[in-house]
Each structure stands twice: as C-alpha cells, then as structure tokens.
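Bear in mind that the values in this text are calculations on the coordinates, not laboratory data. Nothing here was measured: the structure is a model prediction, and the numbers come from that model. Note: ideal-geometry Cβ built from the backbone for every residue, glycine included; neighbour counts use all protein chains shown.
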Amino acid sequence: MIAALQPDRQAMMMTLRMGVSVVAAIAVSSILLAAGGFDLQLVYEEILRQSLGSPFAIKNSLIEAVPITLVGLGVAVAFRAGIFNLGGEGQIYMGALAAIGVALGFSGLPGPLLICLTLIAGIIGGALWGGVAGALRSRLGLSEIITTIMLNFIAFWIVSYLVRGPIQDPNSAGYPYTAEIPGRSQLPIVGDLIPTGFLIAVIASAVAWVLLERTKTGIGIKSLGSGEAAGRFAGFRVEMVGFGVMLIAGAMSGLAGAVALLGGGDGRLSDFFSPGWGFIGVMTALIGRGSPIGTLLAGLFVGFLTNGISGAQGTAGVPNSVAQMLLGLFVLFLIISNTDFFVRLAESARASLAGSRPRRGKATV
Amino acid sequence: MSELLDIFASTALYATAVRLALPIFFAALGETFAERAGLVNVGLEGMMLMGAFAGVVGSHYTGDPWLGAAIGIFAGMLVAAIQALVAINLAGDQIVSGIALNIAVLGITSYLARTIWEGGDVPSVNGFDSITMPGFSEIPFFGPVIFEQSVLVYLAIALAAVSWWLLFKKPWGLRLRACGEDPRSADSLGIPVFRIRWQSMMICGALAGLGGVFLSLGQLFTFSDNMSGGRGFIALAVVIIARWSPIRAIAAAVLFGLFEALALRVQVTDINVPPELMLALPYLVTLFVYAGLVGRTRPPKSLGREYSRG
C-alpha cells in the first residue's frame, strides 16, 4: 500500500506519476493534433517559444499563471477542510466588480494607495460571494458543490447586466465593458520581467502555507477535513471553520479577479473577463496536491502551458481549446495513476508469478 | 403588469419551458441513477457536451438523425466509462475527475469541431423536428405544451415512469439503492456493488448523452463550442431539488425551464427589466428552492464516498 511507503519513496512515486501523466496527456493530444493535420514539431516548438522563448513570453506566462494560482490556493485551503470551492468563477467576477468600482470611483488617489484599496476591494468582493456559499453550508447544510455553481451563474449575469448598463464605458460604442482603469493603478512589471501580480501570488502561497501549517486555524481546517466528528472532537466549531474556509477561498479568487484587472488584459471588466479560471484553478489545486507550494508550482506550469498555446494560436494555428484538452487529460491521468489500483495490480501479478492464487475480487477487474 | 400576466397566460411560455427543461431533465434522470447508487457525477456537463457533439457528427456523416442520436448516446457512455473507472474501480476523487472530464471534453469537442469543419464552421445537420400528435395537439393548453414537441418529449415522460419503476419496484432498483446507502452491507449480502455502480454510471452517461443530443439535434440542428453551457450543473441541482426521484425531476427541471422561458419571453415585451438579470433568475430560484427544502433532502448515505473491498 502506498500509505506504507517511505516518505522519499512516496515523493518519488508522485514525481513519477506526474511525469507519466504529462507524457500520456501529450501523447493523446499529439494523436489528435496529428489527425488534425498539424505539424507536431512546429506546434510544440511554438508552444515552447511562446511560453518560455523570450523575456516577453515569460512575463506573459507569469501574468497568465497569477489568477489560476490564486484561485487554486483558495481551492486548496478549502479542499484541506473537505470543502469543494467550485465557485471560483463567480468569486472572480464579484472581486473584479468590487475592484473596478474602487479603481474608477477613487481614480484621483495616488497610485500605490489606489492599488492597495482596489486589491482589498477585490478580496472583500470575492470573500462575500464565497461567504454566501459558506453561510448556506454552515447554517442550512446546503452542499457547496451546488450553491457555488449557482452563484457562479448569478454573479456572471449580474456583471453581464452591469457592464451593459450602469457601468458600461460611455465611449465603448456599445461593447459590453467598463471604462479602463486609470493608468496609475496598473500593477508594475518588475525589471520588465516579473509582474507584481506574480509576487502577490507568491506572498499569497506563503500566507496560505503559514495558515495551514503554523496556526491553530490550520489545525482546525485539517481536522475538519478528516470529518466533522474529528473536527468537533478536536474542539473546533466546525460550522465556523467551514464558513471561514469559504471566506478565505472567496477572498483568494476575488484577489485573483482584482489582480487580473490591474495587471493583465486590457484593464476593463467585461462579461468575458475570465476564460474559465475558476475551474482551471480547481485543477491547479489538484495538480498541486492541495498544498500551497505545490499549487504555486502547478499554477506556473498551467500558466506557461496556457500562454504558450494561446501564443501558438497566432503563429502555428493551434486552437486555444488544445490547452483545455491537454490540461483535462493531464489531470485525468494524474487521478487514474493516483490510486493504489496499480499497486494492487502489481501485487496480484507478483502473487500469481510466485505461484499462489491472486487475490480474488471484482475490485481489480 | 398586465403584460406579465399575458406572458403567464400564453401557452407559448409553457411550451418553451418544456423545451428548455428537456435536456436538463434527461441529464438529471441519469444522475439520479448514479447518485442513488452512491456516485456523484460532476462530469454530467462533459457527458452532455460530448453527446451533443457526437450527435451532430453522427447525423452529419450518416444523414440520419436517429443514427446521430445513437452515436451521441454512445459517446456520453464513453465519457461515463472513464468516470466509472475512476470513481468505482480506482476509488479516486469523483468530483475532481468530473471537473477534469468536463474541461477535457470542452477542449476536445471544440478542437475536433475545428478539425472536422474548417474554422469550426459547423453546418446545419438533420435533426428531430417536432411531431404533432393528431387529435392530442388540439387539447387546450396541454396540446401545444406537450403534444407539439420534438418526439423526445414523449420519450422523456416514458423514461421517467420506467426509471421510477426500475428504481422502486424492481429488485435491481433496491440493490442499486442499497449500493448508495451502504455498499459494504450490500456487498456482504452478495450484491455485486461494482457491477451495479457501473450499470448506474452507464445509464447516467447514456441519458446525459441523450440530453446533449436533444440540445443539438432537437433544438439547434448544429453544434457550437460549449453548447451545453452549464446545463449539466443545473441537472445536478435538479436532482437534489427533486430529492432523487425520477418523477419529481420532471417538475424540478420544468420549474427551471419555466423561469428561463420567462427570461426569454420578457425580452420581447415592453416590460422594462434587464434581460441579464432575468437570466440570473432561474439560478436564484433554484438556490431558494434548495434552501427551502432544508431538512427534507436526505441524500443516499454513501453518496460520493468511494468504496473498496478489502
């Protein structure tokens, strides 16, 4: 059994599984790409070039990695409490909505102050939206899997309405987006390479790590993850922990929305603001195995991949959908290899080789 | 105000509601089987999308919507097989694998649509026209609402009844529900838990695929990227609101369809409500109904928990 393996052996197994899953996902995608008439060498060269090939490419990949990582961190913290935050998408929109309100409403403030206020607004906006799901779970026992998804749609339509009405850019010629954020609220790029947003994501991972590993709240979160009874036995008010975790998850996603507004794209809020960061964040947290540091690394990987492919769309004609395909397959292979199924299979093979009968049971069929 | 009353008085509203509810209902019915057997299937959305896509591809190449539908259903089952493998045999995380499946299917279908049809320009294919049942369609109200719909409406009603009978009147249904309540006890009584869970997930994939087929071949006669548009997720909510009953699933799906139809209808009147806010309404209503059912929803006891022998 995997649980009985030595820690270093376990880490080795995990690395192996990651590698195997990446290779398998690339293999399947390659078959599909080749069937579509793409020159594989050109495609992969372009993806690498567009994600890593120049300081400009690296900067863009980092910008792409930020919202995914931040959402993923929130998902990871909630995941440790056994709670699924599938509401990243809605929380991003609500965070970005609060952020654009502050960025446009207080545009006269000095840059650094304005940036801080805008980020805080994003955090609050996201936390409120996550908190709704948290409260519904803690007070009424509603499954956050359902409520967060419903809240995603509601947030989307609210923003969709606002950017077509009350907060639409008067000079947008009818396009559904807000006015641009003031120039001084844009997040600077350090040394033309490192976006400030990325530094924020690194700090957020550190905060999440400290929270989980070095505070009493972290113990509460993890004990809730081992079951409500365990959490209660450990002396925690599990309802409050569950609610708090959704607040944190929402805050992280809201921050993602604010940072994406100030440090990516075109500095406007629209109803096509997020290209699915909410669910990609869930995958990122899973690839990162629910740990903040792992999520940061996974976010980098996903960011470089997505940016590489969207760059290769222009140069090699690779559709953007290939990113979703690769990512989805990668995570699927990761889950498939992430069980003791194969260990059991190997055991029964060894047993049959040794002449004894393999363990019977449908479990391994 | 009187305009709003006019909308509620028009049979067109209810006919639209039924039409919008159908794909959601099929998926929800499938999910009811899976969840009754103890499996949470967040991959419902992906199964619908794959069904919608494969249905169009099938109808395009064969020219026969029935063959297209069969291919769409099969494709839904194919996606379900992956989910079943992970959730049942590998005891992996069902929710995460469902989300991964959704994203993978979204990517694969969009990519393939672009590969098959230059630039993703999916042509119109043969689909299912609505069939008017002679005689029945002249019944006031129920005529146009139920009897002037695509042939799949009749299928939906029949399937709900059959599902109820299978789940609650047949020994197989009892065994299936036992797998969802307490798989270990079920296993010790000789019930083949793994096989029954596989069956439930295959039914789920087939019905979700059918729901997707209805979207593409029953309504729009073509495919567009992400055309399931979150209906799989709504079906998940419908299952809970229907409290895991196939019959109540009709009502829950129609309730959602009704508010969506209302949002669409209001847009073509003088009523001054922003259409986007109206479109948020079905989700808000779903949330409120779910909250209102507190204490009355009791999911299968082992829902979402992996089971391994040993």
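Here are the numbers:
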item: Only Lys, Arg (+1) and Asp, Glu (-1) charged, at Cβ; chain B dipole about Cα centre in debye; result: 1500 debye
item: Protection-proxy order for peptides A:93-99, A:47-53, each taking the mean of Cβ atoms within 10 Å per residue, highest first; result: A:93-99, A:47-53
item: Where a label projected 7 Å from the Cα of A:L140 along Cα→Cβ would reach, residues of segment B:271-310 with amide N under 11 Å; result: B:284-295
item: Relative packing of A:32-38, B:112-118, A:198-204, which averages over residues the other C-beta atoms within 10 Å, highest first; result: A:198-204, B:112-118, A:32-38
item: Chain A, relative contact order [Cα under 8 Å, separation at least 6], %; result: 33 percent
item: Sites B:L220 and A:C116 - FRET efficiency at Förster radius 60 Å, r taken between beta-carbons, to 0.05; result: 0.80
item: Within 10 Å of each Cβ in B:107-117, the average number of Cβ atoms from other chains; result: 6
item: P(r) weight above 35 Å for chain A, C-alpha pairs, percent; result: 30 percent
item: Packing-based ranking, highest mean first, of B:159-169, A:293-303 given that Cβ atoms within 10 Å are counted; result: A:293-303, B:159-169
item: Charge sum, other residues only, whose C-beta stays under 13 Å from B:L4's C-beta, Lys/Arg counted +1 and Asp/Glu -1; result: -2
item: Number of partner chain Cβ atoms within 10 Å, mean per residue of B:83-89; result: 3
item: Overall dimensions of segment B:175-310 by Cα: Rg and Dmax, Å; result: 18.7, 65
item: Contact order normalised by residue count of segment A:85-152, Cα under 8 Å, 6+ apart, percent; result: 47 percent
item: Exercise: per-residue mean of other protein chain Cβ atoms within 10 Å, B:275-284; result: 6
item: Proxy reagent accessibility, fewest Cβ within 10 Å first, across A:D271, B:D93; result: A:D271, B:D93
item: Crossing angle, helix B:171-181 versus chain B [Cα axis fit, 0-90 degrees, rounded to tens]; result: 80 degrees
item: Over chain B, relative contact order from alpha-carbon pairs under 8 Å, at least 6 apart, %; result: 37 percent
item: Surrounding net charge for A:L97, when Lys and Arg each add one and Asp and Glu each subtract one, Cβ distance under 15 Å; result: -2
item: Sorted by Cβ neighbour density within 10 Å, fewest at the top, the residues A:C116, B:C179; result: A:C116, B:C179
item: Those residues of segment A:100-141 whose amide nitrogen sits under 13 Å from the label point placed on A:R184, 7 Å along Cα→Cβ; result: A:106-116
item: At least 20 Å along the helix axis (C-alpha) and Kyte average at least -0.5, DSSP helices within chain A; result: A:7-35, A:55-80, A:88-105, A:111-140, A:144-162, A:196-214, A:238-263, A:292-316, A:321-337
item: Förster radius 51 Å - calculated FRET efficiency between A:L40 and B:A158 (Cβ-Cβ, nearest 0.05); result: 0.60
